[in-house]
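Visitor: Structure incoming, see below.
Derivation of every value follows stated rules applied to the coordinates shown; laboratory data play no part. Not measured: the values here are computed from a predicted model. Methodologically, a virtual Cβ is constructed for each residue, glycine included, from the backbone with ideal geometry; neighbour enumeration extends over all protein chains shown.
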Amino acid sequence: MENSTGRRPSHKKRVEVRDGGEERTARIEMECRVRQRMQQVGEEIHLRIGVDMSENYTPKLGQLATETDHRDAIHIAVIPVRASWDGQRGDQVKVKQIGNEYVTTDEGEFVGIADPFLKGKWIEKGDIFWLLLFPETITGLRHVWSHPAFQEETNQPTDIEKQRAEEWLRELAERLGRTCTNYDEPYKKHEWIEITYEMLIQSGHDAIEDGGYFVQQGSEMARDVFQNKKTKEKFWKMWQIVTGVKITKEQGDHGIFSCSC
């Protein structure tokens, strides 16, 4: 059929005047065919050379790569650790918990390496650095991970919980009575001070840091109170709430008072 110019419309012209919906449908069908073909090509490559193109593929850090491995991205569990020694990036590290932080130690097993990407090579005693845990050692990963060597982090206590914990500790301090400040001077008149809330808090720090005891001079009241297992457990629970310091089970078994006998 000829138009007003006496010329037959070209094929290109017919495409331009096609219904817009038909064009979109044709384009979508073409894209689907391309994607299907790309997937087939990927499966063929996997069958030929053993490359794992699936979502389950994970590079095995700590092992040599193979010819079938390919570019990828991975998660690595990390935690800040305080150095108790002078070391360098990439060092294998052992850790222990002191209070609410982890520090390097010579005891136990290696759990990871010091941040190998540090701009400065050296790590000085007291520095806090990132510890990268060994691959395939964590037991859970949600950007909040689990690992046998580290305690689970818990939700922070509310202001009301902190207030109640402090009140309980202050009441406990009143129950413990007094301590003599010159007990070792028998020929002088004994001077006494009340055991305070602040003394309780500091005694907790001393107990978990070096296993020390607060010695109540001239009385056995504090020692007797802490011989009650439930009282000792509640003390550590309340102490952790007000200080924000987390303790291990072994530290929780430790008392904080001793008599002078």
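Visitor: Using 0.36 nm per residue of separation minus the Cα-Cα distance, give me the extension gain between ASP224 and GLU171 in nm, one decimal.
Guide: Stretched out fully, the ASP224 to GLU171 stretch lengthens by 17.5 nm.
Visitor: Could I ask something else about it? For PHE235, PHE117, which order do you get if you count the other beta carbons within 10 Å of each Cβ and list the fewest first?
Guide: PHE117, PHE235
Visitor: So, in nm, how far is label ARG178 from label ASP69 when the simple model puts each one 7 Å beyond its Cα toward the Cβ?
Guide: It is 7.2 nm.
Visitor: Find out how many positive minus negative residues lie around ILE160, taking Lys and Arg as positive, Asp and Glu as negative, among other residues whose Cβ is under 13 Å from that of ILE160.
Guide: -2
Visitor: Rank these for me by crowding, LEU172, LEU64, going from fewest to most other beta carbons within 10 Å.
Guide: In increasing order of surrounding Cβ atoms, one gets LEU64, LEU172.
Visitor: Ok, one more. Sort TRP239, TRP192 so that the residue with the fewest other Cβ atoms within 10 Å of its own Cβ comes first and the one with the most comes last.
Guide: Least to most surrounded, the residues fall as TRP192, TRP239.
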